[in-house]
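Remarks on the structure that follows.
The values are calculated or read from the model by the stated rules, or taken from the named source; none is laboratory data. Just so you know, these numbers come straight off a predicted model, no measurement behind them. Heads up, the Cβs are rebuilt from the backbone with ideal geometry, glycines too, and the neighbour counts pull from every protein chain shown.
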Amino acid sequence: MSITTAQKLASEPAISARVSANAGTGKTSVLTNRVLRLLLDGVAPGKVLCLTYTKAAAAEMSARITQRLKIWVKAGDAELVADLQDLIGKLPDAALLKRARSLFVAKLNSMPPPRIQTIHSFCQEVLQRFSIEANVPTNFKVLDDISSKELLKEARQRLLSKKQDDKKLAEVIDYIAENSSETKFYDVLNEVISKRNKIRKLGLADFNFENLYIKHNVAPNTLPKDLIAEMLNFDKSAMNKYTEALEKYGKKIAQKHLVKLEQIILQRDGLAYANFYFKDDNSEYTLKHLAGNKEVSENFAGFEEFMATEFERLGGLLDKYRSLKLLKFTECVYALAAQFLQIYDDLKFRQGRLDYEDLIYFTKELLNKSNAAQWVLYKLDGGIEHILIDEAQDTSPDQWAIAEILTDEFFSGENAHNNNRTIFIVGDEKQSIYRFQGADPKSFGRVSTKLAQKATIAEKEWHEIPLDISFRSVDVVLQLTDKIFNDENYRKYVSFSGKEILHNISRQGQAGRVELWPLITESGSKAIPNWEIPLTHSKYTSAEAEIAEKIASQIKGWLDNGRKLASQDRKIEPGDIMILLRKRSSLADSLIRKLKAKNIPVSGADRMVLTEHIAVQDLLALCKFLLLPQDDYSLACALKSPLFGISEDELFGICRGRGKGFSIISYLEKESKYNELYKELNALLQIVDFLPPSELFIHMLDIMGGRKKLISRLGDEVNDPLDELLAHAEYFESNHTSSLQEFIYWLENGVSEIKRDMEQQGNEVRIMTIHGAKGLQAPIVFLPDTTSNPVDKSKNPNLLEDDEGYFYAPPNSKLYNKFAMQLVDEYQENALEEYFRLLYVAITRAEDELYICGKISKKDEENEGKLKENCWYNVIKTKMEELGESDGDVLVFKSEQNVTPNKSMKKQMVKARAQIPQYLYEEAAQEQGGAFTEMPTEKNPQNLDAIARGVKIHKFLEFYNSNIEVDKGELANKFFEDKQIAEEILQVLEREEFQEIFDKEKSFAEVGIAGIVEGKQVNGQIDRLLVTDNEVVIIDFKTSAEKPQAMPKKYIEQMRGYKSLISDIYPNHVVTAKILWTSVPMLESVDIA
């Protein structure tokens, strides 16, 4: 792919720039080319800092750079000239060619190398370098997800335990519990953790909460009961006229109003009185509703004036009451957050740990507020000259703050004129979809504008560069994209500048297809009327199952019929297809089931909860039985699993035949036909108390053949959860007491979610969320989840943030004051913006073909009319009706192949997953090879003392260093209890000719060696390897009490194998082999013919 003019300008090393890159425009290539041009321009590799959003992106960019440098080393002159000319836009001279060829070695030898890393990796590096200045634990480790969840759980437990001794904390927790739902407490704590860096800025320990009361015009000492009482201070005369009109002229609804008002006034319930006039969302009831019927308002002359007065009076009081409740609850949440975060931080620091949020927070504090900030900036400033920021639209405000501090010196002071330092920002506000992780797409434009102003003042080149030529998608996909997002109704959600969104097409004349399928509804009846006995079978198929079946059938037809991908003139393969979902739901499971039922290779879900996988559940059921052999339910679950393969009928027979009061295991013991099964279970019962969880699982999966059985039933993808289970067990053992019972509790009470790398999957259909697909692409994309509501208004945050950085915690939605409602509206507007940015990302994953479908509930009589107007399906349908044509009930927008197919186009998938060879499941055959295969040892089952003697002597000589001045006799006597052995070893240590052997500057101890000699496998451990300028000596210790008269043949064969392998490693040295007999002592050369 030739480099475009915009890409060449963007990679120009002398300029600073902001690049706005549409989807598929070669953003990663631009970043890679810029780094290459910086290196070609003479910039030291260690002076470059490239910040990426993910580790995968950093690894890919680093790999691309390394691969390009390797090509330059090996390329011929003509090939290298052409490549460099395309990169830099001019003919390279001889000096540049020479530098290009030297860059690979320069990059390998550079200390530090080019920093291509995530912002978190960079912050970790800074904090480890300046841990004292940052006031963080020296040599800290970063918490992984499992450790973080464990610490958070412990912090919650300690917080609740502290309640017993802390009266103020007890009052706070009790108030929160009494004034909110049963789940609110934990929901608030979870949100405090997710927003802890923002909350820390408030300085909760010294926070003056009275300022918030004043800000909202509420006196801190105001009591809710006073406001409630004031609500009943209505105009009694007017109220009498209102109630008289209701009584005299009111019909059904009006009479209900009358009864309600009489009860309210009798009970002196001012809050109920206010709620008589206002809905839960703070809006007023209509005059028509309050009158009940028109005769009431017609016969009450001052009806409208009375209602207007009450609306104004009660509206103010009700909002003040809600403000008071909101602020009181928020004050308690602040107090709770202060204690909780302090406990969590203490737990981390005691273990010498930081989490990922800490990395950002403490780095920003170090660079911004610390007394040592100038020193740190000076040290960093001297090492970084060029900063590149990838996926800038997903950078959080705190991360931007770090980048701004790092670049402050780039455009000010002496550095601005003495060095040509640059900053390079790449992003696309249309693709910002990680708001839940703190991303702020508006910062992308705001910060880059500020940097551009600094560069202009410093008289440095700054460019705004759009990348709008798409190399990924065909014409029809991009036309649909432009048609949707240039509509003013939707452009405002993805573009803050309001500029026209334009995708220029690189793949002109290539075939493409977009289809909009009709909505799918549920078939059959789902609900059964109450009390009706279901005597007849009622077939019910969910809409999700219908969609899954239709998609699976479509794919099956393509594969069976050999349908071709026209743009590449090749048959469609499973790996060409990606199914994208807005959220993880049961639709993913339905799709996986339907595809597997049709024998279509499918990679499975991109995330899974470990304990929800059936293979893991089978193993845990077996473990629960081992812990309690009388647990018949767990044993029954294990027996029915592939681990034992007992059928449903047979299991029923076992359970029925065991008799009352007897367990399943006791029944299996008595029944002769289950002898083998009982022996297998009993063997596990015998070892369960002596093996840590990881070894027990290894025994089940490998020695018992459990992995093979699970794979045969569930397929190769079962390896992922099994391997993850083993990893969890090993992690648990390294951090907890090795107890199977405790491990099961720990695993089942934690959220063990596995994120699978779908980019590295084989030739399989991929099913994933749109968030997970960011950065990926596929020739064919399905969007089946297009009819869900744009914004779920029932899931507003527990902590609402205002523009000043303050957080508010409403007890529930009924206590939103006007200010809180405004914050909620802003939150929902932001959510709607991201909803459409997510659609942009989804559509632009498609290279050639895009298929849109959706479901609707059968209960919606008007079907499509019941969908939200701005849901994805309706938005796409409106534009497809303009662009496409009807093909039956399907809308189709397509283009034909008018150019030669690109058969060399890189497929975005790896080769099919290799099949596991059968020999891995078979017993290993007896190896042939005699002495080479089975090396001689000192072990002799008849002489355990000789074994112990040899082990002890070998261990001593392994660590002995003749360079260190010590009392050799004292050392030997301390190590060996047997004085005869100590005297023997002392003679070895004192022999002058042995000193070089034990000189650790010249010799290596316990050198492992393996290889093939004369077609036979050799595996061994060389006791000492002495290496000089011209010679290599292999020394093997023999510790038998007596030296044999003649050199045993097996020793000669052993040393021959060692010498052959060492000679290959040191081809220019003379290699000799010697045996050190410790009992003599004597160093004897081995004559190898």
Worksheet item: Is one or more of the residues making up segment 64-71 crowded, with 18+ Cβ neighbours inside 10 Å, in contact with a strand residue (DSSP E or B) (Cβ under 9 Å, 6 or more places away or on another chain) and modelled with pLDDT of 90 or more?
Response: yes
Practice prompt. Can you run down the residue pairs with Cβ atoms below 9 Å, 6 or more apart or on separate chains, where the first is in segment 894-912 and assigned by TED's automatic domain parsing to the domain that holds GLY575 and the partner is assigned to a loop (DSSP other than H, G, I, E, B) and modelled with pLDDT under 65?
Written response: MET909/GLN761; VAL910/GLN761
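Tally the residues that are within 15 Å of ASP631 (Cβ to Cβ) and loosely packed, with under 12 Cβ neighbours inside 10 Å, restricting the search to segment 662-682.
First pass over segment 662-682, keeping only residues within 15 Å of ASP631 (Cβ to Cβ): 662-668, 681.
Then keep just the ones that are loosely packed, with under 12 Cβ neighbours inside 10 Å; that gives none.
Counting residues in segment 662-682 that are within 15 Å of ASP631 (Cβ to Cβ) and loosely packed, with under 12 Cβ neighbours inside 10 Å gives 0.
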Discussion item. Quick check on ILE1062: is it assigned to a loop (DSSP other than H, G, I, E, B), among the β-branched types (Val, Ile, Thr) and in contact with a strand residue (DSSP E or B) (Cβ under 6 Å, 6 or more places away or on another chain)?
Written reply: no
Practice prompt. Give segment 1-16 a look and list any residue that's surrounded by 23 or more Cβ atoms within 10 Å (Cβ to Cβ) and either touching a strand residue (DSSP E or B) at 6+ places or on another chain (Cβ under 8 Å) or among the charged types (D, E, K, R) (or both), or say none.
Written response: GLN7, ALA10, SER16
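Taking SER497, is it within 14 Å of THR844 (Cα to Cα) and in the same structural domain as VAL781 (by TED's automatic domain parsing)?
No.
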Worksheet item: If you go through segment 174-193, how many residues are closer than 17 Å to LEU800 by Cβ, surrounded by fewer than 17 Cβ atoms within 10 Å (Cβ to Cβ) and in contact with a helix residue (DSSP H, G or I) (Cβ under 8 Å, 6 or more places away or on another chain)?
Response: 1
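Tally time: how many residues in segment 1020-1043 are assigned to a loop (DSSP other than H, G, I, E, B), surrounded by fewer than 18 Cβ atoms within 10 Å (Cβ to Cβ) and touching a Lys or Arg at 6+ places or on another chain (Cβ under 9 Å)?
Of segment 1020-1043, the ones assigned to a loop (DSSP other than H, G, I, E, B) are 1028-1030, 1039-1043.
Imposing the further condition that a residue be surrounded by fewer than 18 Cβ atoms within 10 Å (Cβ to Cβ) reduces the set to 1028-1030, 1040-1043.
With the extra rule that they be touching a Lys or Arg at 6+ places or on another chain (Cβ under 9 Å), the set shrinks to 1028, 1040-1041.
Total satisfying the criteria: 3.
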Fill in: Residue in segment 1052-1064 that is within 53 Å of the chain's Cα centre (by Cα) and without any contact (Cβ under 8 Å) to a residue 12 or more places away in the chain present
yes
Practice prompt. Please go through segment 988-1014 and pick out each residue that is charged (D, E, K, R), free of Cβ contacts under 8 Å to residues at least 60 places away in the same chain and not in a strand (DSSP E or B).
Written response: GLU990, GLU992, GLU996, ASP999, LYS1000, GLU1001, LYS1002
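Pick out the one residue from GLU304, GLU262 that is in contact with a Leu (Cβ under 7 Å, 6 or more places away or on another chain), without any contact (Cβ under 8 Å) to a residue 40 or more places away in the chain, in a helix (DSSP H, G or I) and loosely packed, with under 14 Cβ neighbours inside 10 Å.
Working: GLU262 fails: in contact with a Leu (Cβ under 7 Å, 6 or more places away or on another chain).
Going through GLU304, GLU262 in turn, just one is in contact with a Leu (Cβ under 7 Å, 6 or more places away or on another chain), without any contact (Cβ under 8 Å) to a residue 40 or more places away in the chain, in a helix (DSSP H, G or I) and loosely packed, with under 14 Cβ neighbours inside 10 Å: GLU304.
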Fill in: Failed criterion for HIS728 (all others in (1) on the phi < 0 side of the Ramachandran plot; (2) at pLDDT below 90; (3) in the same structural domain as LEU620 (by TED's automatic domain parsing) hold)
(2)
Response to the item:
In segment 85-109, residues that are in contact (Cβ under 8 Å) with a residue 24 or more places away in the chain and over 17 Å from VAL43 (Cα atoms) total 2
Response to the item:
Given the conditions (1) touching a residue at least 60 places away in the same chain (Cβ under 8 Å); (2) crowded, with 18+ Cβ neighbours inside 10 Å, every one holds for LEU823 apart from (1)
Fill in: Filter result for GLY659 (closer than 24 Å to ASP720 by Cα and of a type in the set (Gly, Ala, Ser))
no
Discussion item. Here's a check for you: in segment 136-164, which residue that is basic (Lys, Arg) and either touching a residue at least 24 places away in the same chain (Cβ under 8 Å) or surrounded by 19 or more Cβ atoms within 10 Å (Cβ to Cβ) (or both) is farthest from ILE360 (Cα to Cα)?
Written reply: LYS162
Item to complete: Determine if segment 710-723 includes at least one residue that is in a helix (DSSP H, G or I), over 25 Å from ILE767 (Cβ atoms) and either within 37 Å of the chain's Cα centre (by Cα) or in the same structural domain as PHE652 (by TED's automatic domain parsing) (or both).
Response: no
Fill in: Where GLN1017 falls short, out of the listed (1) modelled with pLDDT of 85 or more; (2) part of a strand (DSSP E or B)
(1)
Discussion item. Considering only residues that are out of contact with any Leu (no Cβ under 7 Å at 6 or more places or on another chain) and of a type in the set (Phe, Trp, Tyr), which ones fall in segment 877-894?
Written reply: none
Discussion item. Taking the conditions exactly as written (among the β-branched types (Val, Ile, Thr) and either under 17 Å from LYS818 (Cα atoms) or touching a Phe, Trp or Tyr at 6+ places or on another chain (Cβ under 9 Å) (or both)), does ILE253 satisfy them or not?
Written reply: no
Discussion item. Given (1) more than 29 Å from ASN961 (Cβ to Cβ); (2) at pLDDT 85 or above, identify the lone condition not met by GLN1054.
Written reply: (1)
Worksheet entry | Those residues of segment 694-747 which are in contact (Cβ under 8 Å) with a residue 40 or more places away in the chain and among the β-branched types (Val, Ile, Thr), in sequence order | ILE711, VAL718, ILE744
Practice prompt. Just give me the residues in segment 266-291 being of a type outside the set (Phe, Trp, Tyr), closer than 23 Å to LYS225 by Cβ and part of a helix (DSSP H, G or I), in sequence order.
Written response: LEU266, GLN267, GLY270, LEU271, ALA272, ALA274, ASN275
Worksheet item: Going through segment 606-630 one residue at a time, which ones are surrounded by 16 or more Cβ atoms within 10 Å (Cβ to Cβ) and within 20 Å of ASN675 (Cα to Cα)?
Response: LEU622, PHE625, LEU626, PRO629
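Among the candidates LEU314, LEU341, single out the residue that is touching a strand residue (DSSP E or B) at 6+ places or on another chain (Cβ under 9 Å), buried (at least 17 other Cβ atoms within 10 Å of the Cβ), in a helix (DSSP H, G or I) and of a type in the set (A, V, I, L, M).
On the way: LEU341 fails: touching a strand residue (DSSP E or B) at 6+ places or on another chain (Cβ under 9 Å).
Only one candidate passes the filter, namely LEU314.
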Response to the item:
Counted residues in segment 321-369 being touching a residue at least 60 places away in the same chain (Cβ under 8 Å), closer than 24 Å to ALA439 by Cα and of a type in the set (D, E, K, R) come to 4
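How do the helices (runs of 4 or more DSSP H) wholly within segment 32-140 filter down when requiring 1 or more residues that are closer than 23 Å to SER2 by Cα and not assigned by TED's automatic domain parsing to the domain that holds ILE405: which remain? Reasoning before the result, please.
Working: elements: 55-74, 77-88, 94-109, 119-129, 131-134.
Here the list reads 55-74, 77-88, 94-109.
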